[in-house]
Amino acid sequence: MLKENLRDLFAYIPDEPMLFNSGLFLVFFTIFITFYYLFAYKNTTIRLIYVVIFSFFFYYKASGWYLVILLFSIVLDYWVACWLDYSQNPIFRKTLLIISIWANVSLLMYFKYTNFFLSNWYALHGKPFEAWDIFLPIGISFYTFQTISYVVDVYNKVIPACRNLIDYTFYMSFFPHLVAGPIVRAKDFLHQIRKEIRFETHEIHEGLYLILKGLFKKAVIADYMAQYADLVFANPQGYSGFENLMAMYAYTLQIYCDFSGYSDMAIGIALLMGYRLLENFRSPYQSLNITEFWRRWHISLSTWLRDYIYIPLGGNRKGKTKQYLFLLITMLIGGFWHGASWKFIFWGLMHGLALVVHKWVSGQTWAKYITQTPLLLISGLLTFHYVAFLWIFFRANDFTTAFIMIKQIFVAMEWGYFLPFLQVRSLLVVLMLVGFGATLLPEKEKKLLYDFFCQSPTYWKIAFFLVIIQLVLQLKTESVQPFIYFQF
């Protein structure tokens, strides 16, 4: 019995991937970080090998033997980059770049988009289609974009090639960002790999604060919002317009707390190990326009799309008409990156159109009048509700479900449900107010909370942790909720 339990502990279980918010990860990470502090971090070689081994184990527990796909990308692009750095032949260098991008994108297309293309092909020819049983390796979209950015940067001589395979493997497999981002650029991380690790008190406090904040966002706010959102999105016609509206708000909060909570935990865990990942969310629901939203939301993806799609296409250098076209193309690719479905393409298109409209408005002489405070507040409300409205298409299983929900909101709205909803769903309303209140909190107040945590005694920090764990236990469903962005 003990032998079987140990085998299950170290084996990949498809229905139970190891997540940051799972008890299993807490156990393994506690063991990992203890040995890291005691034996590994002072010796660079030992540290790198130790972290790489744990990162591979972490990915294996999350995605099984699809770890081999990650290893293939690592080895291929390590050598491609080395050859790019060595060669001065432009034709040979361009060929290497094309091979790298083709190989990585082909793997992504096969695992993520095969059924999408086949189903549309069969539909065009009026034939039934049975989806192929293809498992989507966790995190493949993230590490594919990451390795492409590295090869492109080496090709453009933005950075030199990494000459040590262990270093590049560490960069690609570093477990805090591996399965759900943020997408880490080589220029921001490679120079940190062999640096001397010195643990500063403020970095430890910052790391712990981010982990606790991320855990609260994900396991308390996001997971509880998911319970209600899932209920309504499964059958929007069975609920009133007001309940559908609340489900839209619940999912709007859920996806932010889920993904930004993961990013907070990833950045916090990296800090505890002596490495710094860049900020991935900056209070996006405070945005006053759609352009600002994309500068604050999933920053690592939006900057990747800007630097490797929008700017290479021509950016704003080829006139307004082409700039608008490039924005649409970039956001269509961004939407398609999120999922193999027309609803994601539509979601990307609508964000692209909004960006085009904002660019056009910003170029008008009368745009300066929008800078007045009341109009800015209206602009912020419109931006938030436009984003929230589009989240319906992002979350719904299909267009039919999305349109039913929208119809319920605009046609079957009954404000008489307001008070009964407050009475029956009081905890949901409280957590929604807490969640949105925290996202809209000014930076000054956020800094005060952070300072309070850092300056509080150790026993207070332990108390904060225990309170969050208790909340997680009280509000959790039967199984640990996976992170939304694991599917991407």
Near pairs, Cβ below 7 angstrom, 6+ apart or cross-chain, from the stretch 168-193 (over 28 Å from residue 257 (Cβ atoms) and assigned to a loop (DSSP other than H, G, I, E, B)) to any residue that is of a type in the set (Ser, Thr, Tyr) and at pLDDT 95 or above | 193/171
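Somewhere in the stretch 274-283, is a residue among the aromatic types (Phe, Trp, Tyr) and either in contact with a Cys (Cβ under 7 Å, 6 or more places away or on another chain) or in a helix (DSSP H, G or I) (or both)? Steps first, answer last, please.
Looking only at the stretch 274-283, we keep the residues that are among the aromatic types (Phe, Trp, Tyr), and these are 275, 281.
The next check asks that each one be either in contact with a Cys (Cβ under 7 Å, 6 or more places away or on another chain) or in a helix (DSSP H, G or I) (or both); those that pass are none.
No, the stretch 274-283 contains no residue that is among the aromatic types (Phe, Trp, Tyr) and either in contact with a Cys (Cβ under 7 Å, 6 or more places away or on another chain) or in a helix (DSSP H, G or I) (or both).
Taking the conditions exactly as written (small (Gly, Ala, Ser), assigned by TED's automatic domain parsing to the domain that holds residue 221, modelled with pLDDT of 90 or more and within 23 Å of residue 219 (Cβ to Cβ)), does residue 396 satisfy them or not?
Working: small (Gly, Ala, Ser): yes; assigned by TED's automatic domain parsing to the domain that holds residue 221: yes; modelled with pLDDT of 90 or more: yes; within 23 Å of residue 219 (Cβ to Cβ): no.
Spelling it out, it is not the case that residue 396 is small (Gly, Ala, Ser), assigned by TED's automatic domain parsing to the domain that holds residue 221, modelled with pLDDT of 90 or more and within 23 Å of residue 219 (Cβ to Cβ).
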Considering only the stretch 204-230, state which residues are of a type in the set (D, E, K, R) and under 13 Å from residue 259 (Cα atoms).
-> 213, 217, 218, 223
Regarding residue 225, is this residue at pLDDT 95 or above, closer than 26 Å to residue 425 by Cα and either under 20 Å from the mean Cα position of the chain (by Cα) or not assigned by TED's automatic domain parsing to the domain that holds residue 418 (or both)?
-> no
Which condition does residue 141 not pass, out of (1) surrounded by 21 or more Cβ atoms within 10 Å (Cβ to Cβ); (2) assigned to a loop (DSSP other than H, G, I, E, B), if it passes all the others?
-> (2)
State yes or no: is residue 119 crowded, with 18+ Cβ neighbours inside 10 Å and either part of a loop (DSSP other than H, G, I, E, B) or out of contact with any Ser or Thr (no Cβ under 6 Å at 6 or more places or on another chain) (or both)?
-> no
Restricting the search to the stretch 384-432, which residues are closer than 27 Å to residue 297 by Cβ, hydrophobic (A, V, I, L, M, F, W, C), surrounded by fewer than 14 Cβ atoms within 10 Å (Cβ to Cβ) and in contact with a Phe, Trp or Tyr (Cβ under 9 Å, 6 or more places away or on another chain)?
-> 399
Here are 68, 80: which of them is part of a helix (DSSP H, G or I) and closer than 22 Å to residue 193 by Cβ?
-> 80
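Answer with yes or no whether residue 360 is in the same structural domain as residue 397 (by TED's automatic domain parsing), under 25 Å from residue 114 (Cα atoms) and in a helix (DSSP H, G or I).
Numbers: in the same structural domain as residue 397 (by TED's automatic domain parsing): yes; under 25 Å from residue 114 (Cα atoms): no; in a helix (DSSP H, G or I): yes.
Answer is no for this residue.
Here's the yes/no breakdown for (1) modelled with pLDDT of 95 or more; (2) over 20 Å from residue 149 (Cα atoms); (3) surrounded by fewer than 17 Cβ atoms within 10 Å (Cβ to Cβ):
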residue	(1), (2), (3)
61	no, yes, no
64	no, yes, no
68	no, yes, yes
75	yes, no, yes
78	yes, no, no
86	no, no, yes
101	yes, no, no
Residues of the stretch 287-342 being free of Cβ contacts under 8 Å to residues at least 12 places away in the same chain and outside any helix (DSSP H, G or I), which ones?
-> 315, 316, 317, 318, 319
Within the stretch 182-194, residues being touching a Ser or Thr at 6+ places or on another chain (Cβ under 9 Å) and over 17 Å from residue 307 (Cα atoms) number 2
Failed criterion for residue 479 (all others in (1) surrounded by 11 or more Cβ atoms within 10 Å (Cβ to Cβ); (2) within 27 Å of residue 142 (Cβ to Cβ); (3) at pLDDT below 85; (4) hydroxyl-bearing (Ser, Thr, Tyr) hold) | (1)
Tell me, please, whether a residue that is more than 30 Å from residue 44 (Cα to Cα), acidic (Asp, Glu) and more than 15 Å from the chain's Cα centre (by Cα) can be found in the stretch 299-307.
-> yes
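Every residue, every condition in (1) within 20 Å of residue 259 (Cβ to Cβ); (2) part of a helix (DSSP H, G or I); (3) of a type in the set (Phe, Trp, Tyr), yes or no:
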site	(1), (2), (3)
397	yes, no, no
403	no, yes, yes
413	no, no, no
416	no, yes, no
430	no, yes, no
434	yes, yes, no
445	no, yes, no
451	no, yes, no
463	no, yes, no
Just need a number here: residues in the stretch 17-50 that are touching a helix residue (DSSP H, G or I) at 6+ places or on another chain (Cβ under 6 Å) and assigned to a helix (DSSP H, G or I).
-> 6
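The values are calculated or read from the model by the stated rules, or taken from the named source; none is laboratory data. Bear in mind the structure is a predicted one, so any value in this text is a computation, not a measurement. With ideal geometry, Cβ positions are generated from the backbone for all residues, glycine too; neighbour counts draw on all protein chains shown.
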